[in-house]
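First up is the structure itself, then whatever we jot down about it.
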Amino acid sequence: SDQSRSAKPTRALQKEFGVKYELPGIESLITASLFDIAQEDGVVFDSSTGVNRQRQLDLRSRGFELEGQFNLSQDVRLVGSYTYIDMEIEKGATGTKGKTLSATPKHTASLWGYYEPQTGTLDGVGLGAGLRYVGESWGDDSNTFRNDDYLFTDLAMSYDFGRNGHEGLQLQINAKNIFDETGQTCSAGYCYRYEGRTATASLRYRF
């Protein structure tokens, strides 16, 4: 059956053009790229039969990416990014040709700020805060209903124990969706709730 048969290999042709620009006088960098990707037999999930299974279709992705890294001082830096993507179905289920692949927003963006003191009592501490924006998208491949856009706030903290003589030992704590934004996003007609407020901690040692 289709569900038990292995999927065909996915093939793609990618065209991309990019530029980088380093701001004079400061350690900051802006990168930009344009892309056009033609994909054959891409694997996605299909719920049109009432069963969430893998299905293959042809896709065409066009868009651009913009990213900037700005060192405002020795201790403070900003990282921002924006992506625009138009992912069109060129061959798929009946009624989906020319439609946009579900759960693929045209606009996504993020902005992070980091504070990492290089001297003083906080030397070794890293603090970060960020915003993640995901624009509207379609909830199914027939483009009959939309997913709302949403904005998440994240936090991060790290500590490098190498400042205290424990070279290679680092603590990392990440908190996602700290305001516990609720809602759902749908893909191929199946809907899932946003990931709620989560926090993870890791202790890493490199030698």
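The values are calculated or read from the model by the stated rules, or taken from the named source; none is laboratory data. Just so it is clear, the structure is predicted and the values come from calculations on it, not from any experiment. Cβ sites come from the backbone with ideal geometry, for glycine too, and all protein chains shown count toward neighbours. Just the protein is used for accessible areas: all its heavy atoms, side chains included, with ligands, DNA and RNA removed. Shrake-Rupley method; radii C 1.70, N 1.55, O 1.52, S 1.80 Å.
Within the range 91-104, can one find any residue that is within 14 Å of the chain's Cα centre (by Cα) and either of a type outside the set (Phe, Trp, Tyr) or surrounded by fewer than 17 Cβ atoms within 10 Å (Cβ to Cβ) (or both)?
There is at least one residue in the range 91-104 that is within 14 Å of the chain's Cα centre (by Cα) and either of a type outside the set (Phe, Trp, Tyr) or surrounded by fewer than 17 Cβ atoms within 10 Å (Cβ to Cβ) (or both).
For the range 115-129, the set of residues classified as in contact (Cβ under 8 Å) with a residue 40 or more places away in the chain and not polar (S, T, N, Q) consists of TYR115, GLU116, PRO117, ASP123, GLY124, listed by residue number. Name the single residue that is farthest from the chain's Cα centre (by Cα) among those in the range 186-199 being assigned to a loop (DSSP other than H, G, I, E, B) and in contact (Cβ under 8 Å) with a residue 60 or more places away in the chain. That would be GLY189. Is it true that THR144 is on the phi < 0 side of the Ramachandran plot and open to solvent by 70 Å² or more (accessible area, probe 1.4 Å)? The answer is yes for THR144.
Residue count for the range 113-128 under the criterion of being open to solvent by less than 50 Å² (accessible area, probe 1.4 Å) and of a type in the set (A, V, I, L, M, F, W, C): the result is 1. Residues satisfying the criterion are present in the range 99-108 (criterion: of a type in the set (Ser, Thr, Tyr) and under 28 Å from ASN71 (Cα atoms)).
Of all the numbered requirements in (1) part of a loop (DSSP other than H, G, I, E, B); (2) loosely packed, with under 12 Cβ neighbours inside 10 Å, SER202 misses one, and that requirement is (1). Taken over the range 56-96, the criterion of being in a strand (DSSP E or B), hydrophobic (A, V, I, L, M, F, W, C) and over 30 Å from GLY126 (Cα atoms) is satisfied by LEU57, LEU59, PHE64, ILE85, MET87, ILE89.
Taking the criterion of being open to solvent by 50 Å² or more (accessible area, probe 1.4 Å) and assigned to a loop (DSSP other than H, G, I, E, B), the residues of the range 149-185 that qualify are ASP149, GLY165, HIS166, GLU167, PHE179, ASP180, GLU181, THR182. Within the range 17-46, being under 28 Å from ASP140 (Cα atoms) and at pLDDT 85 or above holds for LEU34, PHE35, ASP36, ILE37, ALA38, GLN39, GLU40.
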